[in-house]
1. Among the residues of segment 66-76, write down those that are surrounded by 14 or more Cβ atoms within 10 Å (Cβ to Cβ), out of contact with any strand residue (DSSP E or B) (no Cβ under 8 Å at 6 or more places or on another chain) and in a helix (DSSP H, G or I).
2. Could you please tell me which pairs satisfy a Cβ distance under 7 Å, a separation of 6+ or placement on different chains, a first residue in segment 42-58 that is more than 14 Å from ILE72 (Cβ to Cβ), and a second residue that is among the hydroxyl-bearing types (Ser, Thr, Tyr) and assigned to a helix (DSSP H, G or I)?
3. Starting from residues that are small (Gly, Ala, Ser) and in a loop (DSSP other than H, G, I, E, B), keep the ones in segment 38-65 and report whichever is surrounded by the fewest Cβ atoms within 10 Å (Cβ to Cβ).
Amino acid sequence: MRTALLLLGFALAACAADQAVIEKGRQEEQRTCLPCHSLRIIHTNRLSRAGWNKELDKMAGWGTKYTDRDAILEYLVATYGDDKPVAPPDMSADGRAKK
């Protein structure tokens, strides 16, 4: 029983740490991506870890300066990974896509 509680404690601590890294990555996204383009171009992609890593390398090649590249990678994979569904477009009251 004591071992189970200890493992649960470690799992909760890891989850909290992961959430902190993901939040830091979200902030990094706001700081590094918005100066050049809207977030829509990012948020409509669903890439694997390797795919997001390649995108971050490409952006660095174009001059992006990351404060915490690992955090933004974790955020992108956790939020927009290839295993995540694409959100449907916003619809107006009459069912047409909002513009």
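The values are calculated or read from the model by the stated rules, or taken from the named source; none is laboratory data. The shown structure was predicted, so the numbers you read here are calculated from the model rather than taken from an experiment. Here the Cβ is made from the backbone with ideal geometry for all residues, glycine too, and neighbour counts use every protein chain on show.
1. Restricting attention to segment 66-76, the residues satisfying the condition of being surrounded by 14 or more Cβ atoms within 10 Å (Cβ to Cβ) are 66, 68-69, 71-76.
Adding the requirement that they be out of contact with any strand residue (DSSP E or B) (no Cβ under 8 Å at 6 or more places or on another chain) leaves 66, 68-69, 71-75.
Correct list: ARG69, ALA71, ILE72, LEU73, GLU74, TYR75.
2. ARG46/TYR80
3. To start, the set of residues in segment 38-65 that are small (Gly, Ala, Ser) comprises 38, 48, 50-51, 60-61, 63.
Narrowing the set further to residues that are in a loop (DSSP other than H, G, I, E, B) leaves 38, 48, 63.
Numbers: SER38: 9, SER48: 12, GLY63: 7.
Checked segment 38-65; the qualifying residue surrounded by the fewest Cβ atoms within 10 Å (Cβ to Cβ) is GLY63.
To keep it simple, each residue is scored yes or no on (1) surrounded by 14 or more Cβ atoms within 10 Å (Cβ to Cβ); (2) modelled with pLDDT of 90 or more; (3) in a loop (DSSP other than H, G, I, E, B); (4) of a type in the set (Val, Ile, Thr).
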{"position": "THR3", "(1), (2), (3), (4)": "no, no, no, yes"}
{"position": "LEU8", "(1), (2), (3), (4)": "no, no, no, no"}
{"position": "ALA14", "(1), (2), (3), (4)": "no, no, no, no"}
{"position": "ALA17", "(1), (2), (3), (4)": "no, no, no, no"}
{"position": "GLU23", "(1), (2), (3), (4)": "no, yes, no, no"}
{"position": "GLN27", "(1), (2), (3), (4)": "yes, yes, no, no"}
{"position": "GLN30", "(1), (2), (3), (4)": "no, yes, no, no"}
{"position": "PRO35", "(1), (2), (3), (4)": "no, yes, yes, no"}
